[in-house]
């Protein structure tokens with residue numbers, strides 16, 4: 001069988017992006033020359049593709065089948081211990097880069113960093129210009145994040161802690177977080193394969209977001225920034241929580257590729273920092 005025939009017969013199973021990434025991983029290269037050459041599939045390659053297809057048809061996310069995912073043009077190892085990096089989070093990371101560059105920020109905390117995709121992407125962009133700390137409550141996720149940092153030679157500091165517990169007396173110029181924000185009843189389909197502690201939040205998905213908003217000001221330098229990824233239906237309630245706290249000024253709301261509200265940038269109001277990094 002020729003690769004082109006296999007692709008055409010399976011387009012209804014794999015979305016285009018997944019299909020491109022699958023071919024890149026199986027054939028270790030760009031998709032274009034493979035298709036131009038109309039490669040003949042040997043038995044091993046055909047068996048590999050069919051095995052992946054069977055697992056994918058069961059609902060297992062492709063990154064877990066392949067053991068990797070792309071984020072910000074970098075490749076990251078992922079396992080069922082880590083949340084799968086998503087395109088929406090790239091938008092949050094882009095805004096973090098803009099904020100860091102515009103304000104010449106030096107210290108960043110990636111809170112609940114998972115496989116390290118945000119922290120490592122920021123470090124890759126700024127190199128030695130910034131110090132980045134990435135934390136996670138999951139030791140298994142941190143182990144994968146450290147592997148990814150080693151793969152990309154990224155000097156990220158990793159801390160095993162629950163939210164801010166490991167940072168008493170420390171303050172950062174920027175805190176960025178993609179916290180759990182999925183309501184329990186919405187964890188269905190392929191989401192069931194991802195680590196529940198990295199997804200689920202009570203209070204309609206707002207439990208962690210509200211807790212971070214309540215505590216982050218204690219760990220931000222004077223007029224530091226906080227960037228949060230949020231659920232598509234969270235904007236009004238996050239706006240109300242922030243307004244009631246009176247600790248931050250909302251700088252910007254971030255929309256995702258589906259035109260849903262997906263993130264918020266806040267700036268701490270003037271206050272004396274408790275610590276210094």
* Unique match (being farther than 26 Å from residue 87 by Cα, in contact (Cβ under 8 Å) with a residue 60 or more places away in the chain and in contact with a helix residue (DSSP H, G or I) (Cβ under 7 Å, 6 or more places away or on another chain)) among 225, 219, 248 -> 219
* Asked: Checking residue 180 against (1) part of a loop (DSSP other than H, G, I, E, B); (2) out of contact with any strand residue (DSSP E or B) (no Cβ under 8 Å at 6 or more places or on another chain); (3) more than 22 Å from residue 98 (Cα to Cα), which test does it fail?
  -> (2)
* Asked: Counting just the residues of region 208-225 that are closer than 25 Å to residue 188 by Cβ and in contact with a strand residue (DSSP E or B) (Cβ under 9 Å, 6 or more places away or on another chain), which one comes out surrounded by the most Cβ atoms within 10 Å (Cβ to Cβ)?
  -> 209
* Select from region 146-177 the residues that are outside any loop (DSSP other than H, G, I, E, B) and in contact with a helix residue (DSSP H, G or I) (Cβ under 7 Å, 6 or more places away or on another chain) and list them in ascending order. => 148, 149, 158, 159, 160, 167, 172, 174, 175, 176, 177
* Asked: Restricting attention to region 20-43, does a residue exist that is modelled with pLDDT of 90 or more, surrounded by 11 or more Cβ atoms within 10 Å (Cβ to Cβ) and in a loop (DSSP other than H, G, I, E, B)?
  -> no
* Do the conditions hold for residue 198, that is, is it without any contact (Cβ under 8 Å) to a residue 40 or more places away in the chain, touching a strand residue (DSSP E or B) at 6+ places or on another chain (Cβ under 9 Å) and buried (at least 16 other Cβ atoms within 10 Å of the Cβ)? -> no
* Structure fact -> Picking from 180, 184, the residue that is under 22 Å from residue 80 (Cβ atoms) and surrounded by 15 or more Cβ atoms within 10 Å (Cβ to Cβ) would be 180
* To do: Filter region 233-244 down to residues that are over 26 Å from residue 170 (Cα atoms) and out of contact with any strand residue (DSSP E or B) (no Cβ under 6 Å at 6 or more places or on another chain) and give me whichever is surrounded by the most Cβ atoms within 10 Å (Cβ to Cβ).
  => 234
* Report yes if residue 121 is part of a helix (DSSP H, G or I), touching a helix residue (DSSP H, G or I) at 6+ places or on another chain (Cβ under 6 Å) and either modelled with pLDDT under 95 or buried (at least 20 other Cβ atoms within 10 Å of the Cβ) (or both), otherwise no. => yes
* Asked: Can you pull out the residues in region 124-142 that are part of a helix (DSSP H, G or I) and surrounded by 18 or more Cβ atoms within 10 Å (Cβ to Cβ)?
  -> 141, 142
* Structure fact -> residue 79 vs (1) surrounded by fewer than 19 Cβ atoms within 10 Å (Cβ to Cβ); (2) under 18 Å from residue 141 (Cα atoms); (3) free of Cβ contacts under 8 Å to residues at least 60 places away in the same chain: all pass except (3)
* Structure fact -> Of (1) assigned by TED's automatic domain parsing to the domain that holds residue 139; (2) surrounded by fewer than 22 Cβ atoms within 10 Å (Cβ to Cβ); (3) at negative phi, residue 70 fails just (1)
* Asked: In region 184-194, is there at least one residue being in a strand (DSSP E or B) and touching a strand residue (DSSP E or B) at 6+ places or on another chain (Cβ under 6 Å)?
  -> no
* Mind checking whether some residue in region 91-106 is touching a helix residue (DSSP H, G or I) at 6+ places or on another chain (Cβ under 6 Å), within 12 Å of residue 154 (Cβ to Cβ) and crowded, with 18+ Cβ neighbours inside 10 Å? -> no
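The values are calculated or read from the model by the stated rules, or taken from the named source; none is laboratory data. None of the values given here were measured: they were computed from a predicted structure. Cβ: placed from backbone, ideal geometry, glycine included. Neighbour counts: every protein chain shown.
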